[in-house]
Amino acid sequence: MNVYDAARMTDLLAQEGYAEADREEDAELVVLNTCHIREKAAEKIYSELGRLAEIKKERRAEGRNIEIVVAGCVAQAEGELVMRRQRAVDLVVGPQSYHRLPALLKEARRGARVADTDFAAREKFQTLPAPTRAQIAARGVSAFITVQEGCDKFCSFCVVPYTRGAEISRKVEPVVEEARRLVDAGVREITLIGQNVNAYRGEDEAGRATPLEGLFERLSAFEELERLRYTTSHPVDMTQGLIDAHGSLEKLAPFVHLPVQSGSDRVLKEMNRRHDARHYLDVVEKLRRARPDIAISSDFIVGFPGETGEDFEATLALIDAVGFASSFFFKYSPRPGTPGAERADQIHEETKRDRLARLEARVEAQRRDFNAAMVGRTVEVLFEKRGRHHGQIAGKSPYLQAVHVDGGEREIGRLRPVKIVAAGPNSLSGEIVEALELA
Ligand code: SAM
Ligand code: SF4
């Protein structure tokens, strides 16, 4: 979502006469779009700001300036504290009010140090300018559209409900319009995004609440659009309608990112996840019934307060039971203002580290097996860019794996059958074949 937000801010500032600088040394304005989800991400910002403050000092000595803006969720959570901790910051703007950037910059130029952290998500989507064809084309053939923002779930470890605000869904028509513009400018894959994207209920023209699969149906009608994806989903919002869409909508990729966090019912309850391990396994089973080749990925947190060795074993058992295509895994990071951070039974850092290493070994082995099983199969690859080596192009399989082949740039933006010949640790390689003998 930060990638999407950064693109929108770029479009907005382009209207004000700004162009993207290739190198920081050339920039007159630097916007740090920040993440507050774990402590490490948030703290990184302050070291980056220290570096920018030095640049600002040097520039001032030369009679020039560099304006420094902190945007995103650290801006939202820490607001004026950011400006107090680093005097060089001119402006702080939250993720729901960045549409006001041009006006706020003007205010900052008049000498005020401004912090805008209003929750104005609906206003934001209504006022953001559309990107130009050239801007869209420069960003490649795969694009994001935010359709849902915020979260009402309040998992006890998570800052999102506080930094992104309450759950809202964009209306259907503006999303379809945004997609139309993307497809007209050459986009061939769209990923619909939201903190809980499958909680999407956007109003259509007649005022009816439309679920995510309704949006997919509308977008499937764009002939030149090859693929649709979505992320991130919550297991309790995985409705039968959305599951069925995986069986019926050809363009919907057979891949779901479905974070489970833990395999222990006790921990899931304390995390306020609102489901147990059985529910998760049932959803996976239903997805596989609807689309047998579907690949599932997940997020895991190890070392949530009170997590016992037995709880951790339950997570490993769930991993074995599901068989994930890939996963993200994190050590629990206590976040200020969340219930988890208040608990006295925090897990020792060393235990967290050990558990993370064991979990990583398990999910990485599954990822390797999943990739190795592709060798010999023919899959459709959407080519996105030039490869690292001369004469190579790179794209993604339906299951979100990176695939390299020898091929010409004219293939970029096309969906082509590729026979996979080898599986490396991070990508597959293959050759373009004429016919798709899906196996
Ligand atoms: N809405 C999604 C869901 O319900 O699964 C997750 C969104 S969150 C931005 C992305 C991931 O960050 C989570 O799935 C979780 O694994 C991880 N995360 C969130 N808060 C965390 C924390 N305090 N410590 C460690 N990881 C955390
Ligand atoms: Fe955070 Fe996701 Fe839980 Fe919402 S559902 S509080 S975004 S982890």
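The values are calculated or read from the model by the stated rules, or taken from the named source; none is laboratory data. Since this is a predicted model, take the numbers as computed values, not measurements. Heads up, the Cβs are rebuilt from the backbone with ideal geometry, glycines too, and the neighbour counts pull from every protein chain shown. Note: areas computed on protein heavy atoms with side chains; ligands, DNA, RNA excluded. Shrake-Rupley method; radii C 1.70, N 1.55, O 1.52, S 1.80 Å.
Scan region 118-162 for residues that are of a type in the set (Ser, Thr, Tyr) and touching a strand residue (DSSP E or B) at 6+ places or on another chain (Cβ under 7 Å) and jot them down.
If the condition is that a residue be of a type in the set (Ser, Thr, Tyr) and touching a strand residue (DSSP E or B) at 6+ places or on another chain (Cβ under 7 Å), then SER142, THR146 are the ones that fit.
Which of the residues spanning region 385-421 are assigned to a strand (DSSP E or B), surrounded by fewer than 18 Cβ atoms within 10 Å (Cβ to Cβ) and within 22 Å of the chain's Cα centre (by Cα)?
Across region 385-421, the qualifying residues are LYS385, ALA402.
Being over 25 Å from the mean Cα position of the chain (by Cα) and part of a strand (DSSP E or B), is that true of even one residue in region 330-352?
no
Look at ALA41 and say whether it is at pLDDT below 95 and assigned to a strand (DSSP E or B).
Answer is no for this residue.
Can you name every one of the helices (runs of 4 or more DSSP H) wholly within region 122-195 that holds 2 or more residues which are away from ligand 1 (no atom under 11 Å from the Cβ)?
Answer list for region 122-195: 133-138, 172-184.
GLN261 passes all but one of (1) free of Cβ contacts under 8 Å to residues at least 24 places away in the same chain; (2) touching a Cys at 6+ places or on another chain (Cβ under 9 Å); which number fails?
(1)
Taking ALA245 as meeting all but one of (1) open to solvent by 10 Å² or more (accessible area, probe 1.4 Å); (2) in contact with a strand residue (DSSP E or B) (Cβ under 9 Å, 6 or more places away or on another chain), write down the number of the exception.
With respect to (1) open to solvent by 10 Å² or more (accessible area, probe 1.4 Å); (2) in contact with a strand residue (DSSP E or B) (Cβ under 9 Å, 6 or more places away or on another chain), ALA245 is out only on (1).
Which residues, counting only those in region 150-164, are more than 8 Å from ligand 2 (Cβ to nearest atom) and in contact (Cβ under 8 Å) with a residue 60 or more places away in the chain?
Scanning region 150-164 gives SER156, TYR162, THR163.
Looking at the structure I just gave you, is ALA115 among the small types (Gly, Ala, Ser), on the phi < 0 side of the Ramachandran plot and either crowded, with 18+ Cβ neighbours inside 10 Å or more than 16 Å from ligand 1 (Cβ to nearest atom) (or both)?
yes
Residue by residue, here is whether (1) open to solvent by 10 Å² or more (accessible area, probe 1.4 Å); (2) more than 28 Å from PHE330 (Cβ to Cβ); (3) more than 15 Å from ligand 1 (Cβ to nearest atom) holds:
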{"residue": "PHE222", "(1), (2), (3)": "yes, yes, yes"}
{"residue": "ARG229", "(1), (2), (3)": "yes, no, yes"}
{"residue": "GLN261", "(1), (2), (3)": "yes, no, no"}
{"residue": "ARG278", "(1), (2), (3)": "yes, no, yes"}
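Output the residues belonging to region 318-336 that are within 12 Å of ligand 1 (Cβ to nearest atom) and either within 24 Å of MET374 (Cβ to Cβ) or open to solvent by 60 Å² or more (accessible area, probe 1.4 Å) (or both).
Selection gives SER327, PHE328, PHE329, LYS331, PRO336.
Return the residues of region 103-112 that are loosely packed, with under 14 Cβ neighbours inside 10 Å and part of a helix (DSSP H, G or I); say none if nothing qualifies.
ALA103, LYS106, ARG109
For region 145-168, name all the residues that are buried (at least 20 other Cβ atoms within 10 Å of the Cβ) and touching a Ser or Thr at 6+ places or on another chain (Cβ under 7 Å).
VAL147, GLN148, PHE157, CYS158, VAL159
Considering only residues of region 340-368 that are among the hydrophobic types (A, V, I, L, M, F, W, C) and open to solvent by less than 80 Å² (accessible area, probe 1.4 Å), which is farthest from LEU316 (Cα to Cα)?
ALA341
Between residues in region 178-190 that are surrounded by 18 or more Cβ atoms within 10 Å (Cβ to Cβ) and residues that are part of a helix (DSSP H, G or I), which pairs lie under 6 Å by C-beta distance while being six or more apart or on different chains?
So the pair list comes out as ALA179/LEU219; LEU182/ILE136; ALA185/ARG133; ALA185/ILE136; ALA185/ALA137; ILE190/ALA179.
State all residues of region 218-258 that are touching a residue at least 60 places away in the same chain (Cβ under 8 Å), hydrophobic (A, V, I, L, M, F, W, C) and in a strand (DSSP E or B); if no residue qualifies, say none.
Residue satisfying the conditions is PHE255 alone.
If you check ALA206, ALA199, which single one turns out to be under 21 Å from SER298 (Cβ atoms) and either away from ligand 1 (no atom under 15 Å from the Cβ) or open to solvent by less than 30 Å² (accessible area, probe 1.4 Å) (or both)?
ALA199
I'm checking my understanding of the structure. Among residues of region 295-317 that are of a type in the set (A, V, I, L, M), surrounded by fewer than 21 Cβ atoms within 10 Å (Cβ to Cβ) and closer than 26 Å to PRO425 by Cα, which one is nearest to ligand 1 (Cβ to nearest atom)?
This residue is LEU316.
For LEU49, indicate whether it is open to solvent by less than 50 Å² (accessible area, probe 1.4 Å), outside any helix (DSSP H, G or I) and either at pLDDT 95 or above or within 25 Å of ALA112 (Cβ to Cβ) (or both).
It is false that LEU49 is open to solvent by less than 50 Å² (accessible area, probe 1.4 Å), outside any helix (DSSP H, G or I) and either at pLDDT 95 or above or within 25 Å of ALA112 (Cβ to Cβ) (or both).
Considering only region 263-276, state which residues are outside any loop (DSSP other than H, G, I, E, B) and open to solvent by 10 Å² or more (accessible area, probe 1.4 Å).
Listed by number, the residues that qualify are ASP265, ARG266, LYS269, GLU270.
Name the residues in region 1-32 that are outside any helix (DSSP H, G or I) and either of a type in the set (D, E, K, R) or under 20 Å from PRO95 (Cβ atoms) (or both), would you?
The answer is MET1, GLN15, GLU16, TYR18, GLU20, ASP22, ARG23, GLU28, LEU29, VAL30, VAL31, LEU32.
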